[in-house]
1. Give me the angle, in degrees from 0 to 90, between the Cα long axis of helix 327-340 and the longest principal axis of the Cα atoms of the chain, rounded to the nearest 10.
2. Report, by chain and number, residues whose modeled amide H sits under 5 Å from the one on residue 266, excluding near sequence neighbours (fewer than 5 apart, same chain).
3. Starting from the alpha-carbon convex hull of the range 316-428, give the projected area averaged over all orientations, in nm².
4. Cα gyration tensor of the range 316-356, axes a ≥ b ≥ c as square roots of the eigenvalues: rounded (a/c below 1.5), prolate (a/b > b/c) or oblate?
5. Placing +1 on the Cβ of each Lys and Arg and -1 on the Cβ of each Asp and Glu in the range 300-428, which of 301, 362, 406 has its Cα farthest towards the positive end of the resulting dipole?
6. For the range 69-361, what class follows from the C-alpha gyration tensor (a ≥ b ≥ c being the square roots of its eigenvalues): rounded when a/c is under 1.5, otherwise prolate if a/b is larger than b/c, else oblate?
7. Residue by residue, what Karplus-based ³J(HN,Hα) values in Hz, rounded to whole numbers, does the range 51-64 have, using 6.51, -1.76 and 1.60 with θ = phi - 60° and x for Gly and Pro?
8. Determine the shape class of the range 67-133: with a ≥ b ≥ c the square roots of the Cα gyration tensor eigenvalues, call it rounded for a/c under 1.5, and otherwise prolate if a/b is greater than b/c, oblate otherwise.
Amino acid sequence: MADLLLGQVLSFTGDPFALGPEAAHHESHGAVLVQDGKIRATGTADALRAAYPQAQVSDYGRALISAGFVDAHVHYPQTAIIASWGKRLIDWLNMYTFPEEMRFSDPAYAADIAARYTGIALAHGTTSFCTYATIHPASVDAIFTAAQTRNMRIWAGKTCMDRNAPEGLRDTPQSAYDDSRALLEKWHGVDRLSYVITPRFSPTSTPEQLAALGGLWREYPDCLMQTHLSEQTDEIDWVQGLFPQSRDYLDTYEAQGLLAEGAIFGHAIHLTPRERARLKETGASLIHCPTSNTFIGSGLFDMAGLKAEGQRIGLATDTGGGSSFSMLHTMAAAYEVAQLKGSALHPAQLWWLATQGSAQALRADHLIGNIAPGLEADLVVIDLASTPAIEQATRRAGDIWQAIFPTIMMGDDRAIRATWIGGIPVKS
Ligand code: GUN
Ligand code: ZN
């Protein structure tokens, strides 16, 4: 049985940072045919109705059909401490994050939050995410189980820390290697699930632990590796003290085999010229987390400069350092951060970052992140007039971007009219 979704359809034929808004394709009365979990055809509503008369029609009227949002950096265990007041990174970790992550020693608590987080993500139109778990292997089982039940394509890994974290949240180089390897063997490539090797960041890993995880990555090079890089200046000073031999923060990873294509670096705000050059050369990915960067007071990501250099960049909420689960809010924050850096991101660029850009950063753009035949049918349907305030702001819209931008700036989960996962509607 095939399904035919009707509405305004937004897709991309390239990167709008390189090609401009013309890299986006907008079909005003469009259609998407899905069957067996995949997108089979796209085109005008008239053409696809005529070509597939047996398909079951879901007519979304003037709503916008897009690839589902891909959140490239989250901490699902921080779901319950989102929007915690008054701290910057290191104090925020010690005061809010570590005590909460301790609770995940209880597998039942981990399962509860994993189910809560996936439900919230889907309600916000996020169909894929790449998440840190906690130090506890059961926290990885919990999020993979929650995603598997919902048939979601996700990435997750056990967060490894062997220093500068409280008792109960520390492993060792050997146990980090052994636990990560066992989880990888158990989950990587099962259904739509992928394991990510996950040292939290250099301050909480000894060089020995980073080396052990670098060794694991050499054994499984098709896995991604995620960590944090140069989020706050205090953190960079701390890293310099902990790794006096290293040329810079990135070198603490590079020296241990943790810099290559498939490395996913969250934040990457305060980079040296050498770091930028090495990130570009290796094809690593940078993940911009704008609501987190303003909420924790980290700084302003150089989107225009880094894209101009040809860096691979995705977009993320960084739940719960980030202050929202919504990729719409996250696009708005990316717009505002870029404005403060002197460049106005086009809505096509923002939307691309939240879908195909993040999928590229996760090396999964051949699977998700766009509407094209052969890709997996993870879709979001957006109401472009979801509140009276947004509706009135769109009345004089002269083109699709003017119609979309108020939803980018003011939209939230109320704008999510439907979410489809693997060709099945899960919110409609
Ligand atoms: N750096 C190391 N751990 C974290 C975390 O949990 N959140 C953020 N925002 N930065 C980090
Ligand atoms: Zn993070």
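Each reported figure results from applying straightforward, stated rules to the coordinates on display, with no laboratory input. Being a predicted model, the structure only gives us computed values, none of them experimental. We place every Cβ from the backbone using ideal geometry, glycine too, and count neighbours over all the protein chains shown.
1. In the chain, helix 327-340 runs at an angle near 70 degrees to the longest axis.
2. The answer is 227, 228, 229, 287.
3. 8.2 nm²
4. oblate
5. Final value for the positive-end residue is 406.
6. Here the range 69-361 falls in the rounded category.
7. Here the 3J(HN,Hα) series is 6, 10, x, 7, 5, 7, 8, 10, 8, 9, x, 8, 5, 9 Hz.
8. oblate
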